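Q: Take this structure, written in structure tokens, and hold onto it; I'll ask about it next.
The values are calculated or read from the model by the stated rules, or taken from the named source; none is laboratory data. Keep in mind the model is a prediction, meaning the values are calculated, not measured. Heads up, the Cβs are rebuilt from the backbone with ideal geometry, glycines too, and the neighbour counts pull from every protein chain shown.
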Amino acid sequence: MKIKPFSIKRIITVFIFLVACGVHADIKMPAIFSDNMLLQQGKPVPVYGTADPSEKVTVKFCGQSKATTADAAGNWKVTIEPLKKLAKPTEMRVIGKNTIVIKNVLIGDIWLASGQSNMEMRVRDVNNAADEMKAADYPEIRFYMVTRDMASAPRKDTAGKWLVCTPENVKQFSAAAFFFARELHTTYRIPMGVINSAVGASACEAWVPKEILLADKFLPQPADIPAEEYPDWKTYSAVQQSVYDAAAHKDPGIKSDSLKWASPDYDAADWKEVAVPGSIESRGMNIDGAVWFRTEVDIPAGWVGRAARLYLGPITQNSIAYFNGKEIGREKNNQSQWVFRTHTIPAELLKAGRNVVAVRIFNEINQGGFHPGYPAPLKVSQKGSGEVMLSRKWKCKVELSLEPAKLSRILPYGYKVPCALYNAMIAPFTNYPLRGFLWYQGESNAGRSKQHDVLFPAMITSWRKLWGDLTLPFYFVQLAAYQARMKEPGNGGWSAFRESQTKTLSLAHTGMAIAIDIGDATNVHPKNKQDVGKRLALWAKRDCYGDKDIVVSGPIYKSSAVEGDRIRIKFTHVGGGLIVKGDELKSFAIAGEDKKFVWGKAKIEGESVVVWNETIPKPAYVRYAWANNPECTFYNAAGLPAVPFRTDK
């Protein structure tokens, strides 16, 4: 039978209508409500999302059935009554005009882990990483990996994915948070979830709600950037790049006469001698353009015949590296960022004895060259053979001198824009119940300790209020030791910031993991994250899981008193007694009223330490470990290091 044309048209119309209804009717939920999720035990759990206005939605989970109707805007929410821990996977069913089935769900404790690169640092990058990953078969540990993003206003959802802890998945987990979760899970057999939301180099103010910053002008204020320029990371990066490209110099390429400057046979005797690392500007060259650097390195005969690695530290902006006249690598980076440069040296280029390293750096805009603050010596290394440090004295010559370029406006990096990371990576989870927070951040705020005194507690309190619980535990890591060890007492670099972190312990329900003894002089990202996680877990064991006799901290300064030519220091957290690691107590400094500190002698007497120096008959002040990288010898019997302190407030 022949179908009339109008009937076909009607069928098509009805089909389109039905498809459209199906699309608009779909229940949707934030990304965190997905397979492998973990829900917080012992607390009411909101379950929420969107649907058609007036659509009936039913949530079925663990014997509970909760129904509601979407409001006029399509929003709906039900609340699951508190549940006990559940290690056996189950399902959640969300039913409306469509049905969502969330599989492999557990109930346990959830911690939100945030901060900068030392929290972001992955398990694959820590000490004994291969063994740690191989052993990481913990199906009851789950990480929700938040996709890095920024936003100009608080979001209700953000991209991410739940991952079960397997040897393959664990390599991308925050190491500090994983070792924390593993310690608690293996001790108490409670399923553990972590919301992994950290961004390398991020500033504290980037994680703080806008209204908190606006309420106190002493704090960093929201950036003067139009909201439409940073709705997300991709858009903001494009805006930054366009501003940068409009101003930055473009590299015209190497002049033909300059190529010989990389040759080991070239005589660079008349080149200027400069210290490396160090920026071009700090070496007296207030220019943009191309500058060459050369040095020589003696390679052991036993290295010949195998490839090696050249470590040049962070450089900006563009660089080409040569070894014995041959190019071994080039890097280009935009927006004036410092980027580490490491290159493979082919086996055929290595010679016993004298070898020549040459680096051409083209500075497009702002400060350029070798990072002036990089503390580690540049080097050549070979696996199994060791390493050879490059000289700190290099030769340099200008190939192309240009007037310094200037940006039309200064835009902070995305990880430093106030409020932007909070909006995208914290705000979406404020309706998702937690057990507490973990935090490892500070390097990016270390030069602003007085401001941090106010900013950090304000952030903690604001997060707790957003989750509706001022008692939520907040455990953080004090900055670890870093950079070269000082020969004489000084002002301490990061010490004032560590002091600011210690002050935060006056805020209820906080705890600090001390890392002063497990840092790395040459790496701002120390690889011992196992002890960091364990020390964070001590606080949770005592305050969240009932192990009241656990020692959570090393000795913390309590009081001091002058006793003739000596000063007696008393401590809290003596942890069964004070002890010395090594032959004697070190890193104690003492001064009179003039505050001219010298190293002091020190000894333990009961639960106090007595400090003196024969050259100071009338002492007034004492400091301990008041340096970027002090020698730590003072512990309690629980094996936890003393917190750095000073009495000269």
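Q: Filter region 186-211 for residues that are crowded, with 20+ Cβ neighbours inside 10 Å and in a helix (DSSP H, G or I); which is nearest to the chain's Cα centre (by Cα)?
A: 204
Rundown of residues vs (1) more than 22 Å from residue 272 (Cα to Cα); (2) modelled with pLDDT of 95 or more, yes/no style:
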| residue | (1), (2) |
| --- | --- |
| 351 | yes, yes |
| 354 | no, yes |
| 380 | yes, yes |
| 384 | yes, no |
| 397 | no, yes |
| 400 | no, yes |
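Each row is one residue, and each column tells you yes or no for (1) surrounded by fewer than 17 Cβ atoms within 10 Å (Cβ to Cβ); (2) out of contact with any helix residue (DSSP H, G or I) (no Cβ under 7 Å at 6 or more places or on another chain); (3) of a type outside the set (A, V, I, L, M, F, W, C).
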residue	(1), (2), (3)
284	yes, yes, yes
290	no, yes, no
293	no, yes, no
297	no, yes, no
303	no, yes, no
308	no, yes, no
311	no, yes, yes
315	no, yes, no
320	no, yes, no
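Q: Please count how many residues of region 175-191 are within 17 Å of residue 439 (Cα to Cα) and in contact with a His (Cβ under 8 Å, 6 or more places away or on another chain).
A: 0
Q: Would you check which residues across region 440-465 are surrounded by fewer than 18 Cβ atoms within 10 Å (Cβ to Cβ), closer than 15 Å to residue 416 by Cα and either among the hydroxyl-bearing types (Ser, Thr, Tyr) or in contact with a His (Cβ under 6 Å, 6 or more places away or on another chain) (or both) and list them?
A: None; the set is empty.
Q: Report, by residue number, each residue of region 166-178 that is surrounded by fewer than 24 Cβ atoms within 10 Å (Cβ to Cβ) and not in a loop (DSSP other than H, G, I, E, B).
A: 169, 171, 172, listed by residue number.
Q: While we're on this one: Restricted to region 500-552, and to residues that are of a type in the set (Ser, Thr, Tyr) and more than 15 Å from residue 643 (Cα to Cα), which residue is surrounded by the most Cβ atoms within 10 Å (Cβ to Cβ)?
A: It comes out as 510.
Q: Spot the failing condition for residue 364; the list is (1) crowded, with 19+ Cβ neighbours inside 10 Å; (2) without any contact (Cβ under 8 Å) to a residue 40 or more places away in the chain; (3) among the acidic types (Asp, Glu), and only one is missed.
A: If we test residue 364 against (1) crowded, with 19+ Cβ neighbours inside 10 Å; (2) without any contact (Cβ under 8 Å) to a residue 40 or more places away in the chain; (3) among the acidic types (Asp, Glu), just (2) comes out false.
Q: Give me a count of the residues in region 228-278 that are under 17 Å from residue 290 (Cα atoms) and surrounded by 12 or more Cβ atoms within 10 Å (Cβ to Cβ).
A: Result for region 228-278: 16.
Q: Would you check if there is a residue in region 613-631 being part of a strand (DSSP E or B), at pLDDT 95 or above and of a type in the set (Gly, Ala, Ser)?
A: No, that holds for no residue.
Q: Restricted to region 115-130, and to residues that are closer than 18 Å to residue 206 by Cβ and either assigned to a strand (DSSP E or B) or among the hydroxyl-bearing types (Ser, Thr, Tyr) (or both), which residue is farthest from the chain's Cα centre (by Cα)?
A: Going through the qualifying residues, I end up with 115.
Q: Then there's this: Residue 155: more than 30 Å from residue 223 (Cα to Cα) and among the charged types (D, E, K, R), yes or no?
A: No; evaluated as a whole, the condition is false for this residue.
Q: Filter region 137-162 down to residues that are surrounded by fewer than 20 Cβ atoms within 10 Å (Cβ to Cβ), part of a strand (DSSP E or B) and either among the hydrophobic types (A, V, I, L, M, F, W, C) or free of Cβ contacts under 8 Å to residues at least 40 places away in the same chain (or both), then give me how many there are.
A: Within region 137-162, residues that are surrounded by fewer than 20 Cβ atoms within 10 Å (Cβ to Cβ), part of a strand (DSSP E or B) and either among the hydrophobic types (A, V, I, L, M, F, W, C) or free of Cβ contacts under 8 Å to residues at least 40 places away in the same chain (or both) number 2.
Q: State whether one or more residues within region 511-519 are farther than 19 Å from residue 182 by Cβ and part of a strand (DSSP E or B).
A: Yes, region 511-519 contains a residue that is farther than 19 Å from residue 182 by Cβ and part of a strand (DSSP E or B).
Q: In this structure, is residue 261 touching a helix residue (DSSP H, G or I) at 6+ places or on another chain (Cβ under 9 Å) and either outside any loop (DSSP other than H, G, I, E, B) or among the small types (Gly, Ala, Ser) (or both)?
A: No, not satisfied.
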